[in-house]
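*Asks:* Questions regarding the structure given below will be posed in turn.
The values are calculated or read from the model by the stated rules, or taken from the named source; none is laboratory data. Since this is a predicted model, take the numbers as computed values, not measurements. Don't worry about glycine lacking a Cβ; one is built from the backbone with ideal geometry, like all the others, and counts go over all protein chains shown.
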Amino acid sequence: MSMDRRTLLKGLAVAAPAAAAGSAGASEAVKAPDDAVGMLYDATRCIGCRACVTACKKANNLPLEMYDPPDDLNGTTKNIIKIYHEGDTTSYMKAQCMHCLDPACVRACMVGSFKKRDFGIVTWDPNRCIGCRYCQVACPYNIPKFQWDTPVPKIVKCEMCLHLIKGGSQPGCCAACPKEAVIFGKYTDLLADARERIAKHPDRYWPKGDPIIFGDDEGGGTQVLYLAGLDFEKLGLPDLDSEPAGAIAQKVQHGVYQGLIAPVALYAVLGAVMWRNRRADRKEDE
Amino acid sequence: MGRRVDPKLGPVDGAPMDGVDRRDFVKVCMMAAAAVGLPASVGVKWAEAAEAGLKPSVIWLHFQECTGCTESLLRTSHPGLAELILDLISVDYHETLFAAAGNQIEDALHQAMEQHEGKYVCIVEGAIPTKDGGIYCQIGGRTAVDILQDVGSKAGAVIAIGSCASWGGIPSADPNPTGAVGAPTILEGTPVVTIPGCPANPYNLLGTVLQYVSMGTLPALDDKNRPLWAYGRTIHEHCPRRAHFDAGRFARMYGDEGHRLGYCLFALGCKGPETHANCSVNHFGEIPDCWPIGLGHPCFGCTEQGVAFHKPLHQEAALPEGAHPPIHPDHRKSIAAGWAGVAGLAAGAAIGAGLMASKKLGEKDTED
């Protein structure tokens, strides 16, 4: 998976004309890979015990911070339980990487450090990363975090405990949850499970009567699925349509650079200004 | 001199002391004061009051209850009950402890009420039925409501011991066939200190009673009239298993590995996070680990109205607010950073001004 500088530059050299030519079909809906795995988090089952937060830190060798627990995702926290309060309504919320089917971070990453790799899990390759943090800006869920306080920083986000999955076990959080509020499994199985739950309890989930599964088609679909008793927006998930989050930005960017129009136009303008100034200079000299 | 010695058992601790000298007696009083968190000078005060025959009068009423609170009080040792009722206070009416019965004890009650009107301590144990005119609990032909209104209104202080007397307890559990309520509901207008618990921790009662009888004051109370020194914190806040909770280590089933290793019982329905009490630091009868969580059973919230006997035993407790971050945490909390910026600007301006001034000086020099 690692790549040296030479290969990277070679790749860029090949990629530049390809991008200039304009990649057609960028907005085509992406399907989950056949071996895709995922998680299903049911906020109505969560009791807020935070066992998953601790289990995540343990599974990923991150500092435990037992007496100063994190209040948000950060450079040492890949998973966190938050709370939503409004009158008598209370709901917990698990924030972590959604592992989009068509991730904005992957679209934004110009060096291919972020990619969907084994099981459709979005992972970060430290050997390619140049630290531009475009992934942070691109992510609609505000998930990737940068280690600001270390000289050799990493991008930190949930990688679904790929190292554990490869060994045949579950991700740390799913194994720790005492209420099976978050479960791990094959993406298609989880989607079927979630559909069964909303069919069985249409009044338990939001919107009542005709509940939706967040991630079914939001942002082009995500491998981490959410069920909740109230509006997902209140739980911090953005209001996305079925188009992948990075698609619009990519369309604009690719449109501007179509056939290298933008750089040519820019240099043309600069050249014209220079030519005009030099002519004016010459006239003065005469 | 000294403690009573049983021919078979040897010295009997906590037994009534025959012919005890003043020194030993003051010692007992001071130990009792220390055990319930009162200053040593209070112990001397008690000893002096007892010598002068001024032992405070206590009237103990029993209504709908199991006598568990009295039973648990019987098992204290600092002070032991014998020392308490024989040396420190004068229990003038207590149905469980008195040898007398019938008219004799009713007379004792009325006598004590007349003699110490406005000064005696009325301790209530048990809930009071209100349905159908309160006929479900009557003593000597009077209903519990009547007795409590009579005795409570003439008392110097009213203390409700146990969850039944505090807010209804077991008798008030759904469907509450007798309309049972706690003493504060009956004595509206009269302040009632509540010492809930099932049973109440006897030291919480002793501390409150002994503070009242020695200093004439009542401890600071919370919004449910529970002494703050005993009920100011939740079980969860100083639970010996708290580290397991923070580390996400839970017993999932009785007898599983986590349960045997003493992990947190939250997942089994422990109500510690919503129950205010000091059981976790003041174990019952001074026996180490003699309290539910110490014995491996989830706290069932006995001191908390609306939790014990109302919420299912194994339903998860509500975790307190503040344990979780909000959906959108405010990361700009640090005012210090802002001030550091302002200070930096000021320092920069000062350095800049200094540079300019030195430059001007230099210019002056060259001009000269």
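*Asks:* Do the conditions hold for residue A:228, that is, is it within 14 Å of chain B (Cβ to nearest Cβ) and of a type outside the set (Lys, Arg)? Give the derivation first.
*Replies:* On the way: within 14 Å of chain B (Cβ to nearest Cβ): yes; of a type outside the set (Lys, Arg): yes.
In short, yes.
*Asks:* Assigned by TED's automatic domain parsing to the domain that holds residue B:139, surrounded by 16 or more Cβ atoms within 10 Å (Cβ to Cβ) and either modelled with pLDDT of 75 or more or part of a loop (DSSP other than H, G, I, E, B) (or both), is that true of residue B:54?
*Replies:* Details: assigned by TED's automatic domain parsing to the domain that holds residue B:139: yes; surrounded by 16 or more Cβ atoms within 10 Å (Cβ to Cβ): no; either modelled with pLDDT of 75 or more or part of a loop (DSSP other than H, G, I, E, B) (or both): yes.
Against the criterion (assigned by TED's automatic domain parsing to the domain that holds residue B:139, surrounded by 16 or more Cβ atoms within 10 Å (Cβ to Cβ) and either modelled with pLDDT of 75 or more or part of a loop (DSSP other than H, G, I, E, B) (or both)), residue B:54 does not qualify.
*Asks:* Okay, moving on. Could we say that residue A:92 is within 14 Å of chain B (Cβ to nearest Cβ), among the aromatic types (Phe, Trp, Tyr) and crowded, with 22+ Cβ neighbours inside 10 Å here? Break it down stepwise before answering.
*Replies:* Working: within 14 Å of chain B (Cβ to nearest Cβ): yes; among the aromatic types (Phe, Trp, Tyr): yes; crowded, with 22+ Cβ neighbours inside 10 Å: yes.
In short, yes.
*Asks:* Which residues, taken from segment A:77-89, are over 17 Å from the mean Cα position of the chain (by Cα) and either surrounded by fewer than 16 Cβ atoms within 10 Å (Cβ to Cβ) or of a type outside the set (D, E, K, R) (or both)? Don't jump to the end; show me each part of the working.
*Replies:* First pass over segment A:77-89, keeping only residues over 17 Å from the mean Cα position of the chain (by Cα): A:81-89.
The answer is A:81, A:83, A:84, A:85, A:86, A:87, A:88, A:89.
*Asks:* Something else now. Check segment A:55-72 and report whether any residue there is under 24 Å from residue A:239 (Cα atoms) and within 11 Å of chain B (Cβ to nearest Cβ).
*Replies:* First, the residues of segment A:55-72 that are under 24 Å from residue A:239 (Cα atoms): A:71-72.
Those left that are additionally within 11 Å of chain B (Cβ to nearest Cβ): A:71-72.
Within segment A:55-72, one or more residues are under 24 Å from residue A:239 (Cα atoms) and within 11 Å of chain B (Cβ to nearest Cβ).
*Asks:* Just for segment A:34-53: of the residues that are of a type outside the set (A, V, I, L, M, F, W, C), buried (at least 18 other Cβ atoms within 10 Å of the Cβ) and within 22 Å of the chain's Cα centre (by Cα), which one is farthest from the other protein chains (Cβ to nearest Cβ)?
*Replies:* Top of the filtered list is A:38.
*Asks:* Given B:233, B:226, which one is more than 24 Å from residue B:31 (Cα to Cα), crowded, with 21+ Cβ neighbours inside 10 Å and of a type in the set (D, E, K, R)? Before the answer, list the steps.
*Replies:* Values: B:233 fails: crowded, with 21+ Cβ neighbours inside 10 Å.
Checking each option against the conditions leaves just B:226.
*Asks:* If I go through segment B:252-279 residue by residue, how many of them are crowded, with 22+ Cβ neighbours inside 10 Å, among the small types (Gly, Ala, Ser) and modelled with pLDDT of 90 or more?
*Replies:* 2
*Asks:* On the basis of being at pLDDT below 95 and within 14 Å of chain B (Cβ to nearest Cβ), does residue A:31 make the cut? Give the steps one after another, and end with the answer.
*Replies:* Working: at pLDDT below 95: yes; within 14 Å of chain B (Cβ to nearest Cβ): no.
Answer is no for this residue.
*Asks:* Give segment B:236-259 a look and list any residue that's assigned to a loop (DSSP other than H, G, I, E, B) and more than 10 Å from chain A (Cβ to nearest Cβ), or say none.
*Replies:* Of the residues in segment B:236-259, the ones assigned to a loop (DSSP other than H, G, I, E, B) are B:239-241, B:247-249, B:251-256.
Hits for segment B:236-259 are B:239, B:240, B:241, B:253, B:254, B:255, B:256.
*Asks:* When you go through A:168, A:131, A:120 one by one, which is the residue that is away from chain B (no Cβ under 14 Å) and closer than 30 Å to residue B:251 by Cβ? So that I can check it myself, show each step before the final result.
*Replies:* Working: A:131 fails: closer than 30 Å to residue B:251 by Cβ; A:120 fails: closer than 30 Å to residue B:251 by Cβ.
One residue alone meets the criteria, A:168.
*Asks:* For segment A:39-61, what are the residues that are in contact (Cβ under 8 Å) with a residue 60 or more places away in the chain, assigned to a loop (DSSP other than H, G, I, E, B) and farther than 26 Å from residue A:230 by Cα?
*Replies:* A:60 - this is the single residue of segment A:39-61 that is in contact (Cβ under 8 Å) with a residue 60 or more places away in the chain, assigned to a loop (DSSP other than H, G, I, E, B) and farther than 26 Å from residue A:230 by Cα.
*Asks:* Right, here's the next one. Would you be able to tell me the number of residues in segment B:142-166 that are of a type outside the set (Gly, Ala, Ser) and more than 22 Å from residue B:206 (Cα to Cα)?
*Replies:* Qualifying residue count, segment B:142-166: 7.
*Asks:* State whether one or more residues within segment A:222-230 are over 21 Å from the mean Cα position of the chain (by Cα) and either part of a helix (DSSP H, G or I) or assigned by TED's automatic domain parsing to the domain that holds residue A:182 (or both).
*Replies:* Just the residues of segment A:222-230 that are over 21 Å from the mean Cα position of the chain (by Cα), to begin with: A:229-230.
Pick out the ones that are also either part of a helix (DSSP H, G or I) or assigned by TED's automatic domain parsing to the domain that holds residue A:182 (or both) and you get A:229-230.
The answer is yes, given that some residue of segment A:222-230 is over 21 Å from the mean Cα position of the chain (by Cα) and either part of a helix (DSSP H, G or I) or assigned by TED's automatic domain parsing to the domain that holds residue A:182 (or both).
*Asks:* Any residue in segment B:207-215 that is over 25 Å from residue A:48 (Cβ atoms), outside the structural domain of residue B:316 (by TED's automatic domain parsing), in contact with a strand residue (DSSP E or B) (Cβ under 7 Å, 6 or more places away or on another chain) and modelled with pLDDT of 90 or more?
*Replies:* No, the conditions are met nowhere in segment B:207-215.
*Asks:* A further question on this structure: Quick one: what pairs do we get from segment B:287-300, first residue touching a residue at least 24 places away in the same chain (Cβ under 8 Å), second of a type in the set (Lys, Arg), C-beta under 6 Å, 6+ apart or different chains?
*Replies:* Between residues of segment B:287-300 that are touching a residue at least 24 places away in the same chain (Cβ under 8 Å) and residues that are of a type in the set (Lys, Arg), the close pairs are B:299/B:271; B:300/B:271.
*Asks:* Among the strands (runs of 3 or more DSSP E) lying completely within segment A:86-150, list those that include at least 3 residues that are in contact with a strand residue (DSSP E or B) (Cβ under 6 Å, 6 or more places away or on another chain).
*Replies:* Values: elements: A:89-95, A:114-116, A:122-124.
Result: A:89-95.
*Asks:* Something else about it: Among what's in segment A:63-73 and is free of Cβ contacts under 8 Å to residues at least 40 places away in the same chain and among the aliphatic types (A, V, I, L, M), pick the residue that is surrounded by the most Cβ atoms within 10 Å (Cβ to Cβ).
*Replies:* Going residue by residue through segment A:63-73, those that are free of Cβ contacts under 8 Å to residues at least 40 places away in the same chain are A:63-72.
Pick out the ones that are also among the aliphatic types (A, V, I, L, M) and you get A:64, A:66.
Working: A:64: 15, A:66: 11.
My answer is A:64.
*Asks:* Which number in (1) at pLDDT below 85; (2) facing chain B (nearest Cβ under 10 Å) marks the one condition that residue A:16 misses?
*Replies:* (2)
*Asks:* Restrict the check to segment A:61-70 and report whether at least one residue is closer than 18 Å to residue A:144 by Cβ and modelled with pLDDT under 90.
*Replies:* Filtering segment A:61-70 for residues closer than 18 Å to residue A:144 by Cβ gives A:62, A:70.
Imposing the further condition that a residue be modelled with pLDDT under 90 reduces the set to A:70.
Scanning segment A:61-70, I find at least one residue that is closer than 18 Å to residue A:144 by Cβ and modelled with pLDDT under 90, so the answer is yes.
*Asks:* Do you know which of the residues in segment A:234-253 that are farther than 16 Å from residue A:105 by Cα and surrounded by 12 or more Cβ atoms within 10 Å (Cβ to Cβ) is nearest to the chain's Cα centre (by Cα)?
*Replies:* By that ranking, first place goes to A:237.
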